[in-house]
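The values are calculated or read from the model by the stated rules, or taken from the named source; none is laboratory data. Being a predicted model, the structure only gives us computed values, none of them experimental. Positions of Cβ are generated from backbone atoms using ideal geometry, with glycine treated the same way; all protein chains shown enter the neighbour counts.
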Amino acid sequence: MRTWVACSLVLMTAFAGCNRANSTRPKQLPYIQRYTSSPATSLASVLADDGQWVMAPKDYANTRFSSLDQINTKNVGNLQAAWTFSTGILRGHEAAPLIVNNTMYIVGPFPNPVFALDLTRPGGPLKWQYKPAVISGAKGVACCDWVNRGAAFGDGKIVFNTLDNQTIALDANTGAEVWKTTLGDINQGETITMAPLIVKDKVLVGNAGGEFGVRGWLQALDLKTGKPVWKAFHTGPDTDCLIGPDFKPFYPLDAGKDLGVKTWSPESWRQGGGTMWGWISYDPQLNLIYYGTGNPGPWNPELRPGDNKWTATLFARDVDTGAAKWAYQFQPHDNFDYDAVNESTLLDLHLPGGQLRKVLVRAERNGYMYMIDRANGQVLSADPYAFITSTKGIDLKTGRPIENPDKQPKSGKVIREICPAVPGAKDWQPSAYSPRTGLLYVPSENLCMDFEGLEANYIAGTPYLGANIRYYAGPGGNRGELLAWDVVHRKKVWGVKERFPTYSGAVATAGDLVFYGTMDGWFKALDARSGDTLWKFKTDSGIISQPVTWRGPDGKQYVAVLTGVGGWPGAIVSGDLDPRDAGAGDGFVSAMSDLPKFTEKGSTLYVFALP
Amino acid sequence: MRNALLLASCLLAAAACRREQREIVHSPAASHASGGIVRLSELQPGQPTPEVEVRNASEEKAYDINEGKRLFAAYNCSGCHSHGGGGIGPALMDNYWVYGSHPENIHDTIVEGRPNGMPSFGGKIPDYQIWEIVAYVRSLSGLVNPTVAPSRDDHMQVKVAEQSKKEESTEEKKKP
């Protein structure tokens, strides 16, 4: 009897095993080759394959350049929509999808769901989705719509941030939660919107909330456990800012003890801003990360005398310890909310008459294109790439901007025609660089503003601004432009003017194409050399996200972009703001009052391929 | 006829008097003590029961509405709702009301907060100030008498003065 039972049990198990093997394996299409071995888990191994898109900025240098050239200037005219996917959230989509091991990962706007799509099967069906438990009150402290700029991949995990200040790591294959860490407090006005960056065994995350008087920071978490490893504040004493014996700024302007305290009126550094919601670059040879900090709070500069360090500052830090190597403050005592969170593109350039220089290039919010020696922080050049009245140039000897006394904001007085406006000549939306053309493709804004300083009351968890503002189009009337900048010869080569601010990222490819989207819903491919529009496609909603490109398992090159207008300039649509108040949306609505005539809300991923 | 004229001018004088009224000691401007239920939905099962209207005394006083306007900026309401056009929070100058347009609805929204990001100010600021803010918020969409609504202010002009704001719809929308 016992033997019989045992025997039948063994048989049943065997049959069950047979069944499982037969029925659950998906039918494969003949042209698709599945990975037979387990997929690569380390970031270094997936980075080596240029056919993927494994971090939002594409690579540590933040080039957003892909060496794929199957789609090129000759055939891009035939590009077609292949399939679409909806995140179901009608708010601004700013994220870059990731493509790792034939899976696409998308993070939506708040409540920040994560979708994994199987690229080995037609139409990219859902592999798994993850819905984080989030605090809905976070929406009340998100300055600029409920955006999220994307996830990161490393160690077999997908890591992303939620608006309510969590960093969450998921198993990339199953979507199972591996760890989560809460890093901030909405009752202090903190949120997180940036795409984390994974470097070695660390996840780098910074906070947002510069409009709420938060105290900005960047921290490194252990990729294995989510435990904080180091945290660098951007205001306050040197020990908090991880400024120690290694700190060697290039300019005397940035040298001295505890400047994060001394350059503020007493205690105001505690509500001083200097957040970090933008991009981080990494140079593996120097072992340094580069990133800039946000605006000081409140906006009305008369209320915070001093240089307000380390707001609007570029930092170079040792990635292992967080120790600052050097810093350079773009805007001491920032007058215009010119956050310095834009991407630093790391390039090794043969400059005219010189040797190879390791530089970083930045299209700064203040309208200047900076070239900075990334080993020591020396500003090699700072050339205007936009119309500027707010300053009269950058003094390369001292590093300070040359102020324009006519445009200094004052309390109770309206100062007119300050250009660029608060969102800058370029906001967070990242540029792309093609080594084939030597051009940096910059999605820019052409906006000016009227600014009246007001009293500001600090109430934790509420806005801390002190300004009445309205924006409008700068000279020419076009509110945006995709411009190509020759980084070596330091000049604009061409530009494509856009009706609305160009608020999507750009991608450059070895097919000599530049892809970007517009707020009125066009997804475009330009000739990377001439700037001619070679192809465009009208999507369902305005585009403010970051396009990506990859090689599918079928060997074909794909291009994808998320639509869904919103963000700061698109809040008039995503948040139903009323343009009869020119100051709505912190002044942006007055420049965008016609946007509702061109686009509605959206939430769609578009994937394009050649037929 | 003469009597009618006399009566009319008496009424006008009384109204004007209230417009200029300032209270030093604040009696509860309005409250839910009237026993009514504050409904956020137009749907109710069975026979409709009459709604108890809450009268916000601040809505009749120019001083109170101006105070509401000052407090709207001072408590950083304007940081999210701007001058009525919205931003982080919804626009308040249109006729779309997520949580109801009646004074008691707006009062409760400020006190309790709302799950889409509206902070709860209950216990943080005096109740009479909340009623002043309620009166000002309603003036943004033309729901108070223009003779008591604030006129053009001294700051950068970004919208028409509250007293020039026309009510957009007599049918106030209440959407959950």
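Of the residues making up the range A:518-533, those that are in contact (Cβ under 8 Å) with a residue 40 or more places away in the chain, part of a loop (DSSP other than H, G, I, E, B) and of a type outside the set (Gly, Ala, Ser) are A:Met519, A:Asp520, A:Arg529.
The residue list A:Gly412, A:Gly461 contains one member that is within 14 Å of chain B (Cβ to nearest Cβ), buried (at least 17 other Cβ atoms within 10 Å of the Cβ), in contact (Cβ under 8 Å) with a residue 12 or more places away in the chain and at positive phi, which is A:Gly461. None of A:Glu417, A:Glu364 is within 14 Å of chain B (Cβ to nearest Cβ), in contact (Cβ under 8 Å) with a residue 24 or more places away in the chain and of a type in the set (Asp, Glu) except A:Glu417. The listed residues are B:Gly79, B:Gly85, and the only one of them that is part of a loop (DSSP other than H, G, I, E, B) and within 30 Å of A:Asp164 (Cβ to Cβ) turns out to be B:Gly85.
I'd like to know if the range B:135-142 contains one or more residues that are in a loop (DSSP other than H, G, I, E, B) and surrounded by 18 or more Cβ atoms within 10 Å (Cβ to Cβ). Yes: one or more hits. Taking B:Val158, is it within 27 Å of A:Ile459 (Cα to Cα), hydrophobic (A, V, I, L, M, F, W, C) and in a helix (DSSP H, G or I)? No; evaluated as a whole, the condition is false for this residue.
Residues of the range A:374-387 that are in a strand (DSSP E or B) and either free of Cβ contacts under 8 Å to residues at least 24 places away in the same chain or not charged (D, E, K, R) (or both): A:Val379, A:Leu380, A:Ser381, A:Ala382, A:Pro384. Applying the condition of being among the β-branched types (Val, Ile, Thr) and not in a loop (DSSP other than H, G, I, E, B) to the range A:213-263 and asking which residue is surrounded by the most Cβ atoms within 10 Å (Cβ to Cβ) yields A:Val261. Looking only at the range B:60-88, filter to residues that are more than 19 Å from B:Phe121 (Cβ to Cβ) and in contact with a Pro (Cβ under 9 Å, 6 or more places away or on another chain); which one of those is farthest from the other protein chains (Cβ to nearest Cβ)? Top of the filtered list is B:Ala62. Within the bounds of the range A:439-448, is there any residue that is away from chain B (no Cβ under 14 Å) and part of a loop (DSSP other than H, G, I, E, B)? For the range A:439-448, residues away from chain B (no Cβ under 14 Å) and part of a loop (DSSP other than H, G, I, E, B): present.
Quick check on the range A:578-597. Is at least one of its residues in a loop (DSSP other than H, G, I, E, B), among the basic types (Lys, Arg), surrounded by fewer than 24 Cβ atoms within 10 Å (Cβ to Cβ) and touching a helix residue (DSSP H, G or I) at 6+ places or on another chain (Cβ under 7 Å)? Within the range A:578-597 (the criterion being in a loop (DSSP other than H, G, I, E, B), among the basic types (Lys, Arg), surrounded by fewer than 24 Cβ atoms within 10 Å (Cβ to Cβ) and touching a helix residue (DSSP H, G or I) at 6+ places or on another chain (Cβ under 7 Å)), the answer is no, since none of the residues qualifies. For beta carbons closer than 7 Å, sequence separation of 6+ or different chains, a first residue in the range A:468-481 that is touching a residue at least 12 places away in the same chain (Cβ under 8 Å) and a second that is aromatic (Phe, Trp, Tyr) and part of a strand (DSSP E or B), the qualifying pairs are A:Ile469/A:Phe451. Filtered by the rule that a residue be in contact (Cβ under 8 Å) with a residue 60 or more places away in the chain and of a type in the set (Lys, Arg), the range A:227-281 gives A:Lys231, A:Lys248. Just a yes or no: is a residue in the range A:478-487 in contact with a helix residue (DSSP H, G or I) (Cβ under 8 Å, 6 or more places away or on another chain), farther than 30 Å from A:Ser281 by Cβ, of a type outside the set (Ser, Thr, Tyr) and crowded, with 21+ Cβ neighbours inside 10 Å? Looking for residues that are in contact with a helix residue (DSSP H, G or I) (Cβ under 8 Å, 6 or more places away or on another chain), farther than 30 Å from A:Ser281 by Cβ, of a type outside the set (Ser, Thr, Tyr) and crowded, with 21+ Cβ neighbours inside 10 Å, one finds none in the range A:478-487, hence no. I want to confirm something. Restricting to the range B:94-106 and keeping residues that are away from chain A (no Cβ under 11 Å) and either over 16 Å from the mean Cα position of the chain (by Cα) or assigned to a loop (DSSP other than H, G, I, E, B) (or both), which single residue is nearest to B:Asn56 (Cα to Cα)? Checking each candidate, the answer is B:His102.
Per-residue answers, yes or no, for (1) surrounded by fewer than 24 Cβ atoms within 10 Å (Cβ to Cβ); (2) under 21 Å from the mean Cα position of the chain (by Cα); (3) assigned to a loop (DSSP other than H, G, I, E, B); (4) among the aliphatic types (A, V, I, L, M):
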position: A:Tyr516; (1), (2), (3), (4): no, yes, no, no
position: A:Trp535; (1), (2), (3), (4): yes, no, no, no
position: A:Ser545; (1), (2), (3), (4): no, yes, yes, no
position: A:Val565; (1), (2), (3), (4): no, yes, yes, yes
position: A:Tyr606; (1), (2), (3), (4): yes, yes, no, no
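For A:Thr275, the conditions (1) over 28 Å from A:Thr462 (Cα atoms); (2) of a type in the set (Ser, Thr, Tyr); (3) not in a strand (DSSP E or B) are fulfilled apart from (1).
Flag not set for B:Ala91, criterion: within 14 Å of another protein chain (Cβ to nearest Cβ), surrounded by fewer than 21 Cβ atoms within 10 Å (Cβ to Cβ) and either under 25 Å from A:Asp145 (Cα atoms) or at pLDDT 95 or above (or both).
Within the range A:130-188, the residues that satisfy the criterion of being over 22 Å from A:Asp59 (Cα atoms) and among the hydroxyl-bearing types (Ser, Thr, Tyr) are A:Tyr130, A:Ser136, A:Thr162, A:Thr174, A:Thr181, A:Thr182.
Restricting the range A:239-282 to residues that are among the aromatic types (Phe, Trp, Tyr) and more than 26 Å from the chain's Cα centre (by Cα), the residue that is farthest from A:Ile372 (Cα to Cα) is A:Trp264.
Among the residues of the range B:107-129, those identified as over 18 Å from A:Gln188 (Cβ atoms), within 13 Å of chain A (Cβ to nearest Cβ), in a loop (DSSP other than H, G, I, E, B) and not hydrophobic (A, V, I, L, M, F, W, C) are B:Pro115, B:Asn116. Filtered by the rule that a residue be within 14 Å of chain B (Cβ to nearest Cβ) and at negative phi, the range A:464-506 gives A:Tyr464, A:Leu465, A:Ala467, A:Asn468, A:Ile469, A:Arg470, A:Tyr471, A:Tyr472. Each residue in the range A:587-611 was checked for being within 26 Å of A:Ala96 (Cα to Cα), within 11 Å of chain B (Cβ to nearest Cβ) and in contact with a strand residue (DSSP E or B) (Cβ under 7 Å, 6 or more places away or on another chain), and 1 pass. State whether one or more residues within the range A:328-349 are within 25 Å of A:Thr263 (Cα to Cα), touching a residue at least 60 places away in the same chain (Cβ under 8 Å) and not in a loop (DSSP other than H, G, I, E, B). Within the range A:328-349, one or more residues are within 25 Å of A:Thr263 (Cα to Cα), touching a residue at least 60 places away in the same chain (Cβ under 8 Å) and not in a loop (DSSP other than H, G, I, E, B). Looking across the range A:536-586 at every residue that is farther than 20 Å from B:Gly84 by Cβ and of a type in the set (Asp, Glu), the one that is farthest from the other protein chains (Cβ to nearest Cβ) is identified as A:Asp554.
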